[in-house]
Amino acid sequence: MLHWFDTLFPRRALFQEDRRLLHLFIGRMLASTGFSIVIPFLSLYLHGERGVPMSLVGGIFFVSALTGALGQVVGGELTDRLGRKVVLVGAQLTRAVSFLGLGAAVLLHAPLYWFAVLTSISAFAGRAFEPPSGAMVADIAEGGTRVEYYAVLRVGGNLGWALGPAIGGFLAALSYPSLFLISASVLLASGLFMAIMVRETSPSSTGSAPIPRFRFADLGQTLKNESFLRYCWASLLLFTVMAQLISTLSVYSVQWAGISKVQLGALYTLNGLMVVFLQFPVVRALARFRMTTALVAGSILYAVGYAAMGMGHGMRVLTIAMLIVTLGEIVTTPASLNLVASFSGEGQRGRYMGVYGLFNSFGWSIGPLVGGLLLDFAAGRPMVLWMPIASLTLIAAWAYWDLRRRIDRDMDLNYGTAAAETATT
C-alpha cells in the first residue's frame, strides 16, 4: 500500500530496527531549519538595512567561509580521534550561541566587525559538523546502501531548508532580530536532540586501534592522492557556483528582479521541497551509472539554471531557474559524498571528509565574494552577472569527465564492485 510512497521518501531506510540513521536525520533536519531561517536574509539585512556594499558583504562571507575551512579540517581530525557524536553536538551548540550573538548584534545595531566575527564562528561550527555527519553515514552503511543513506541525509537537510526560509521570509518582513533568536533556539534543540538520541558509530569506540596523533604531514599525504586532489579542485569550482544560492541570489531576486521577501522565502522553500521529494527517486534512477557521470550531468544542469536567471525578471523566471538549479543539486550532492567515501579507508574517513570539506569551504568562501563583486560591477545587467557564474560549472563538468577517465571504474560505481556488470556508462 505504501510502495508508491517508498519511491519518494526513504521510509524503509529510516524506520528500520537500527534507528541511528533516523536520529541523525532528525538532528540534521533541525540543524538545517535553524541555519536556513537566517542565512538567505543576512546579506539582505546588511545590504538593504545597513547600506553595506555587496562587495563588502561578499568579503564578510569570504572571511567566514575561510574560517569554516579550518572548521572542516579540525572537525575531520576530531571526528577520527574523539568520535562522531561529540563533534556533532559541540558544533550545533556553538552555532546556536553564535546565532544568539548575531541577534543581539542586530538588536543593538552593532559595528560591522561583530557580524564578521560571529558569522565566522558560525561557519567554523557549521563546517565542523560536516565530517562527523558524513563519516557516521559511512560507518552505518556499506556498499549499495551508502549512496542511498547519503541521499536520506540530504532529504533531512532539505526538509529543514524547505521550512527555514519560509519562516524566515515572514520574520524578515516583521523583525530581523527575531530571525536570529528563533534560529538559535532551533539550533539549540538540534544539539540537545543529538546529545540525547544519536549513538556513537566510530570504529575506535568498538576497540579498533587508536588513531595516531595529528601531523600536518598526514593532510599532505592525503593530497598526494592525485586523483583525489583532482576531484577536490573540480569540486571547488562547483562549490563556488553553489554558494551563489545564498547571498548573490537573495539580493538579486529582491533588488534586481523585484520579488518580495516572502516570495524569496517561497523560492528557497521550493528548492528544499524538490530535494525532499525527488532526491531519493533520482538516486535510485542513477544507481547504475558511475558517480562521475552524475557529477558531469549535475554540473551542466547548474550551468543552465544559473544562465536562465539572467534571461528575465520576476517570480516566473526565477522559479524556472530554481527548478533547474535544484535538479543539478539533487544529481550531484549524494554522488559527491559517496565518492569521497570511496577514496578513503575506514580509519581515515574523517580526514578525507575534512580535506574534501576544506575545498568545499574555499568554494563557499570564494563564491559570495565573486557574486558580490559581480553584483557591484554588473549594475543592472543580469547576463553580465550570471553568465560568468554559469561558465564555472561547465569547467567543472569537463574536470569531472577528465577524472572519470583516470579513476578505477569499480570505485566510481554507486553500488560497489558487485554492480560493475550492470553499469552502462
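The values are calculated or read from the model by the stated rules, or taken from the named source; none is laboratory data. Here the structure is a predicted model, which is why all the values come from computation and not from measurement. Using ideal geometry, Cβ is built from the backbone for each residue, glycine included, and neighbour counts are taken over all protein chains shown.
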Revision key, fill the gap. Checked region 254-272 for anything in a helix (DSSP H, G or I) and closer than 13 Å to residue 44 by Cα; matches are 254, 255, 256, 261, 262, 264, 265
Check your understanding: Do any residues in region 92-105 that are of a type in the set (S, T, N, Q) have Cβ atoms under 6 Å from those of residues that are assigned to a helix (DSSP H, G or I), where the two are at least six apart or on different chains, and which pairs are they?
Key -> 92/31; 92/187; 92/190; 92/191; 94/125; 98/118; 98/121; 98/122
Exercise for review: Can you work out which of the residues in region 396-410 that are exposed (fewer than 15 other Cβ atoms within 10 Å of the Cβ) and under 26 Å from the mean Cα position of the chain (by Cα) is modelled with the highest pLDDT?
Suggested key: 398
Revision key, fill the gap. Residue pairs within 6 Å by beta carbon, gap of at least six or interchain, first lying in region 291-309 and closer than 20 Å to residue 408 by Cα, second among the aromatic types (Phe, Trp, Tyr), listed first then second, are 292/400; 295/400; 296/400; 296/401
Review point. When the residues of region 236-249 are filtered to those that are at pLDDT 85 or above and among the polar types (S, T, N, Q), which remaining residue is surrounded by the fewest Cβ atoms within 10 Å (Cβ to Cβ)?
Key: 240
Review point. Tell me, which residue of region 14-72 that is in contact (Cβ under 8 Å) with a residue 24 or more places away in the chain and of a type in the set (Phe, Trp, Tyr) is surrounded by the most Cβ atoms within 10 Å (Cβ to Cβ)?
Key: 61
Check your understanding: residue 81: out of contact with any Pro (no Cβ under 7 Å at 6 or more places or on another chain) and either surrounded by fewer than 24 Cβ atoms within 10 Å (Cβ to Cβ) or modelled with pLDDT under 90 (or both), yes or no?
Key -> yes
Check your understanding: Only one residue in 367, 345, 372 is farther than 18 Å from residue 246 by Cβ and either crowded, with 24+ Cβ neighbours inside 10 Å or modelled with pLDDT under 90 (or both). Which one?
Key -> 345
Review point. Out of all the residues in region 306-317, which are surrounded by fewer than 24 Cβ atoms within 10 Å (Cβ to Cβ) and in a helix (DSSP H, G or I)?
Key: 307, 308, 315, 316, 317
Check your understanding: Hey, does region 275-292 have a residue that's at pLDDT 85 or above, among the charged types (D, E, K, R) and not in a helix (DSSP H, G or I)?
Key -> yes
Exercise for review: Kindly indicate whether residue 135 is surrounded by 24 or more Cβ atoms within 10 Å (Cβ to Cβ) and of a type in the set (A, V, I, L, M).
Suggested key: yes
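Kindly indicate whether residue 126 is in contact with a Pro (Cβ under 7 Å, 6 or more places away or on another chain), surrounded by 21 or more Cβ atoms within 10 Å (Cβ to Cβ) and within 15 Å of residue 361 (Cβ to Cβ).
Here the answer is no, as residue 126 does not meet what is asked.
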Exercise for review: Could you pull out the residue among 144, 160 that is modelled with pLDDT of 80 or more, of a type outside the set (S, T, N, Q), part of a helix (DSSP H, G or I) and in contact with a helix residue (DSSP H, G or I) (Cβ under 8 Å, 6 or more places away or on another chain)?
Suggested key: 160
